[in-house]
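Structure, as structure tokens:
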Amino acid sequence: MSEVDGAVDAVPLTFDVNGRPVQLEVPVTSVLVDVLRDECGLTGTKVGCGVGVCGACTVLVDGEPASACLTLTVQVDGREIETIEGGADDPDIVALQRAFVAEGGLQCGFCTSGQIMTLVALRRQRQGEVIPIDDVRHHLTGSVCRCTGYYGILRAAVAAFEP
Amino acid sequence: MTTLVRARTVDEAIEALADGEGHALAGGQALTILMKEGFFSAGRLVDLSAVGELRDLARHGDHVDVGAMSRHAVVARHPALAEAVPGLGDAFGSIGNVRVRAAGTLGGNLVHADPRQDPPPALIVLDAVARVRGPSGDRTVTVDELIDGALSTTLEADELITSVTIPALGEREWFGFSKFLAGSSEGFATANAALRVSWEPDGAIERAEVCLGAVGPTPRRVSLTSTFAGPGWSGAGVGDDIAVAVAESVEPTVGRPSSSDYTRALCGELARGLFDRFVVSTRGRRPT
């Protein structure tokens, strides 16, 4: 293959995870969820389908929900990543965690980090608003749960979002 | 070993794609799935995320230019588009799921050309035009002519879509988009439809066209202008005529999630529903 100016196969990156800087060099094909789980030891983010459909791997990248299983690590250079482990410093995560427990929003827990991070994004996007339940449903399309039948998750969201 | 080039300008991206060994990295979702599933292995990824020009989105007189790296979530609620083409946001606001909409881009959507996608039928019925740049310069191609088959476009390997030009609706025009979802978590429509209607000052219909998506290898345009012929078009029975005309025009591909008969009927009902929406929402704007 011909040479192109500036083409690199090992990419040095600097990004933030839950407020802490991370510096790594990764192959171009490295996927974010593997780096979070294996390099950073943050196993709260789960791999479900591996193709961005189920939502189990959802993390926040600069505040936006992202499928960590489909995000190439090279795409997060200079960005802020938030995972479920950020709960110690994030009252939105904590409120949702408590509500999920109280309202039966989880059983096996495998989809739960993804559900919560997705809801954190919604909460922040509509700070101070009363969010209609249909908007919550629409926002959670793409966060699949095999255990709860979803009502516990919706109840938890409503409870956590109560002003 | 895959290499990465972070382009800072469109021309740098074109240079990095010139030898045919490169592949543009936009949102990275469709591309990354294909790479992970082993459908192809990119020699060189050309990251477009730092090319500011590709994110420009602005109205210029009678049209809106939407940069190819505009994310679906942005396009869905951008005020310039909401004003120029009310209802177009609907073709972007329920793509996939929130993660897909946060990362997915207009350009990436068009070059992927999955037959089930939402934006193409909407853009086609609006006569949207893609601006393309390659080593030999710039050209334009309608979105209709860009998509030439399932997962296939007329773009060359060394070309990039830089933006899409969407004409603003005229004073006596209406656009609507509708999507039927069967609850798939992937968020792809069983069928979707985009309707555009323009009318004369006296209320007679000048042009009406619906474009169906997710039912064939490419979006399917169906002219309804003759169905609306004559001043009596708003009478009872026109909805039925539209539903039948559309159902008969659709040739569903085999192997889709719904049967041919169901798909045809569904397309007819989507068109009828859009027609009803047109009638109700333009009532105050047309002479009765």
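The values are calculated or read from the model by the stated rules, or taken from the named source; none is laboratory data. All figures in this text were calculated on a predicted structure; none of them were measured in a lab. In this analysis, Cβ positions are derived from the backbone assuming ideal geometry, glycine residues included, and neighbour counts consider all displayed protein chains. These accessible areas exclude ligands, DNA and RNA; they are computed on the full protein's heavy atoms, side chains included. Shrake-Rupley method; radii C 1.70, N 1.55, O 1.52, S 1.80 Å.
Among strands (runs of 3 or more DSSP E) entirely within region B:180-224, having at least 2 residues that are away from chain A (no Cβ under 14 Å), open to solvent by 10 Å² or more (accessible area, probe 1.4 Å) and under 18 Å from residue B:117 (Cα atoms) singles out B:220-223.
Would you kindly identify the strands (runs of 3 or more DSSP E) lying entirely within region B:88-178 that contain at least 1 residues that are among the acidic types (Asp, Glu)? Before the answer, list the steps.
Values: elements: B:129-134, B:137-142, B:147-149, B:160-167.
By residue number, B:137-142, B:147-149.
For residue B:67, state whether it is under 27 Å from residue A:27 (Cβ atoms), within 17 Å of the chain's Cα centre (by Cα) and more than 14 Å from chain A (Cβ to nearest Cβ). First the steps, then the outcome.
Values: under 27 Å from residue A:27 (Cβ atoms): no; within 17 Å of the chain's Cα centre (by Cα): yes; more than 14 Å from chain A (Cβ to nearest Cβ): yes.
Judged against the criteria, residue B:67 is not a match.
For region B:139-164, taking the residues that are among the polar types (S, T, N, Q) and open to solvent by 20 Å² or more (accessible area, probe 1.4 Å), the one that is farthest from residue B:214 (Cα to Cα) is identified as B:140. No other residue among A:55, A:44, A:104 is surrounded by 23 or more Cβ atoms within 10 Å (Cβ to Cβ) and not hydroxyl-bearing (Ser, Thr, Tyr) apart from A:55.
Of all the residues in region A:136-150, those that are surrounded by fewer than 15 Cβ atoms within 10 Å (Cβ to Cβ) and either charged (D, E, K, R) or within 20 Å of residue A:94 (Cα to Cα) (or both) number 2.
I want to confirm something. Restricting to region A:48-99 and keeping residues that are assigned to a loop (DSSP other than H, G, I, E, B) and more than 11 Å from chain B (Cβ to nearest Cβ), which single residue is nearest to residue B:33 (Cα to Cα)? Break it down into steps so the answer makes sense when it comes.
Taking region A:48-99 as the starting set, the residues that turn out to be assigned to a loop (DSSP other than H, G, I, E, B) are A:48-57, A:62-63, A:68-71, A:77-79, A:83, A:90.
Pick out the ones that are also more than 11 Å from chain B (Cβ to nearest Cβ) and you get A:56, A:83, A:90.
Details: A:56: 16, A:83: 22, A:90: 32 Å.
Among those that are assigned to a loop (DSSP other than H, G, I, E, B) and more than 11 Å from chain B (Cβ to nearest Cβ), it is A:56.
Identification of helices (runs of 4 or more DSSP H) wholly contained in region A:100-163 with 3 or more residues that are within 14 Å of chain B (Cβ to nearest Cβ) yields A:112-125, A:133-140. Among the conditions (1) closer than 30 Å to residue A:11 by Cβ; (2) at pLDDT below 95; (3) open to solvent by 10 Å² or more (accessible area, probe 1.4 Å), residue A:113 misses just one, which is (2). Answer yes if at least one residue in region B:48-60 is in contact (Cβ under 8 Å) with a residue 60 or more places away in the chain, buried (at least 17 other Cβ atoms within 10 Å of the Cβ) and facing chain A (nearest Cβ under 10 Å), and no otherwise. Among the residues of region B:48-60, not one is in contact (Cβ under 8 Å) with a residue 60 or more places away in the chain, buried (at least 17 other Cβ atoms within 10 Å of the Cβ) and facing chain A (nearest Cβ under 10 Å), which makes the answer no.
Every residue, every condition in (1) open to solvent by less than 10 Å² (accessible area, probe 1.4 Å); (2) touching a Lys or Arg at 6+ places or on another chain (Cβ under 8 Å), yes or no:
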position: B:45; (1), (2): yes, no
position: B:73; (1), (2): no, yes
position: B:82; (1), (2): no, no
position: B:86; (1), (2): no, no
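Residues of region A:6-32 that are out of contact with any Pro (no Cβ under 9 Å at 6 or more places or on another chain) and among the charged types (D, E, K, R): A:16, A:20.
Restricting attention to region B:1-26, the residues being more than 9 Å from chain A (Cβ to nearest Cβ) and touching a Gly at 6+ places or on another chain (Cβ under 7 Å) number 2. Say we look at region B:170-179 and pick out the residues that are within 26 Å of residue B:131 (Cα to Cα) and under 16 Å from the mean Cα position of the chain (by Cα); which of these is surrounded by the most Cβ atoms within 10 Å (Cβ to Cβ)? Only one residue fits best here, namely B:177. Within region A:15-38, the set of residues being among the polar types (S, T, N, Q) and within 14 Å of chain B (Cβ to nearest Cβ) comprises A:29, A:30.
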